[in-house]
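Reviewing the structure listed below.
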Amino acid sequence: MMKAKGGENGLRALGAMSGTSLDGVDAAIVETDGVVIHHFGASHYRAYSREEQEVLEAALGHWSGPEAEAAAKVVEAAHVEVLGGFEGAELVGFHGQTLAHEPRGRGTCQVGDGQALAEALGVPVVWDFRTADVELGGEGAPLAPFFHFACAKWFGATAPVAFLNLGGVGNLTWVDPAKSGPEYVGALLAFDTGPANAPINDLLRARRGLSFDEGGKVAAAGTVATGALELFLQEAYFSRMPPKSLDRNDFPEMMDLVRELSDEDAAATMTAMCAASVAQGMAHCPTPPSRVLVTGGGRHNPVLMEMLQVSLECPVVPVEDVGLDGDMLEAQAFAYLAVRVARGLPTSCPATTGVMALVGGGTVSEPVG
């Protein structure tokens, strides 16, 4: 990978994200000065093989040990493969793979060595984005809100909007684009809404050997079990005030609630649980958003999108409606955040993670030699 010189548009940053759905690595270029988005560049997706997914699944919940070490090797090799295919990146933002997340307990754990990536790619790597936030009393998640604010400015939003990311876990960012910057009071509110694709994927993998509910076909053939849905919504998490965050497996009772249901009814009920948790979360927004912009894999599920539209009192549309790429938004976010870290700018604030003060998380690793 050849190094390019920074121009008047800032740095050419390459971001990568391996999310809680465990499907693969997204990578994307963003040209930015850490404040304004100047250009969205090339992107690429590298899927994990089933064997790699099994290694990652076995490591979930582990903070160290052989399982975590095996997962780190998978994550690092996959990232070197996909990131090495890009030309001209000056900086890399590397999230790593979250194995465990207990911000009010042991902290947060993302495997993958940024120094090893810097050596392999010959480019500075920003990584370990979450630890500093957690150490200062924050949730360490979600981290994309500062980027969402920049996106709202990029497409010219004039009224509050909400970004809803439906990956393994759902998270919501409410943005007021009238504010001068993301760190200003009232500019942002962000939090995890609840489980999203992860439990549905786990259900279908266990019962049918499917990676996910493609096109929502299984859920579309089922009926929502309202009793199970009501019990799910009694979970204490939903009454907690944001900011707040979740680990991938924080709702193990979901499987128990649908255990006696058919595959179709179980998928429909879990999909409804995802939509209902978003609807519950919307009540926390300072003002109703003018629209909800959906990113992540969940926007490809027409059953889930219809449930959201019925549940929410504003338009619900994929982020492509405003010219963004919903498959790459999180990878782009970590490219953007990497530039902020490199330039000493904050990456989270009390309204996004509950951290006590503005904090710029992240470690910068330079290639040796």
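Below is a table of values for the structure above.
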{"read-out": "Lone qualifier among Val341, Val364, Val294 - being open to solvent by less than 20 Å² (accessible area, probe 1.4 Å), in contact (Cβ under 8 Å) with a residue 12 or more places away in the chain and hydrophobic (A, V, I, L, M, F, W, C)", "value": "Val294"}
{"read-out": "Where a residue in segment 198-217 is at positive phi and its partner, wherever it lies, is open to solvent by 10 Å² or more (accessible area, probe 1.4 Å), with Cβ under 8 Å and at least six apart", "value": "Gly215/His300; Gly215/Asn301; Gly215/Pro302; Gly216/Asn301; Gly216/Pro302; Gly216/Val303"}
{"read-out": "Lone unmet requirement of (1) open to solvent by less than 20 Å² (accessible area, probe 1.4 Å); (2) over 19 Å from Arg340 (Cβ atoms); (3) under 21 Å from the mean Cα position of the chain (by Cα) for Gly88", "value": "(3)"}
{"read-out": "Every pair of residues 6+ apart whose Cβ atoms lie under 9 Å, when the first sits in segment 154-167 and is within 10 Å of Gly296 (Cα to Cα) while the second is surrounded by 22 or more Cβ atoms within 10 Å (Cβ to Cβ) and of a type in the set (Asp, Glu)", "value": "Asn165/Glu330; Gly167/Glu330"}
{"read-out": "Whichever residue in segment 8-46 is small (Gly, Ala, Ser) and not in a strand (DSSP E or B) and, among such residues, is least open to solvent (accessible area, probe 1.4 Å)", "value": "Gly34"}
{"read-out": "Filter result for Ser239 (closer than 22 Å to Gly137 by Cα and more than 16 Å from the chain's Cα centre (by Cα))", "value": "yes"}
{"read-out": "Residue among Asp26, Asp113 that alone is closer than 30 Å to Phe155 by Cα and modelled with pLDDT of 95 or more", "value": "Asp26"}
{"read-out": "Members of segment 297-307 found to be in contact (Cβ under 8 Å) with a residue 40 or more places away in the chain and surrounded by fewer than 24 Cβ atoms within 10 Å (Cβ to Cβ), listed by number", "value": "Gly297, Arg299, His300, Pro302, Val303"}
{"read-out": "Answer from Gly167, Gly181 - the residue that is under 22 Å from the mean Cα position of the chain (by Cα) and modelled with pLDDT of 95 or more", "value": "Gly181"}
{"read-out": "Condition met for Phe191 (under 27 Å from Glu102 (Cα atoms) and among the aromatic types (Phe, Trp, Tyr))", "value": "yes"}
{"read-out": "Any hit, segment 321-338, residues being open to solvent by 30 Å² or more (accessible area, probe 1.4 Å), in contact with a strand residue (DSSP E or B) (Cβ under 7 Å, 6 or more places away or on another chain) and not charged (D, E, K, R)", "value": "no"}
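The values are calculated or read from the model by the stated rules, or taken from the named source; none is laboratory data. Model, not experiment: these values are computed from the prediction. Using ideal geometry, Cβ is built from the backbone for each residue, glycine included, and neighbour counts are taken over all protein chains shown. Only protein heavy atoms, including side chains, enter the accessible area calculation; ligands, DNA and RNA are left aside. Shrake-Rupley method; radii C 1.70, N 1.55, O 1.52, S 1.80 Å.
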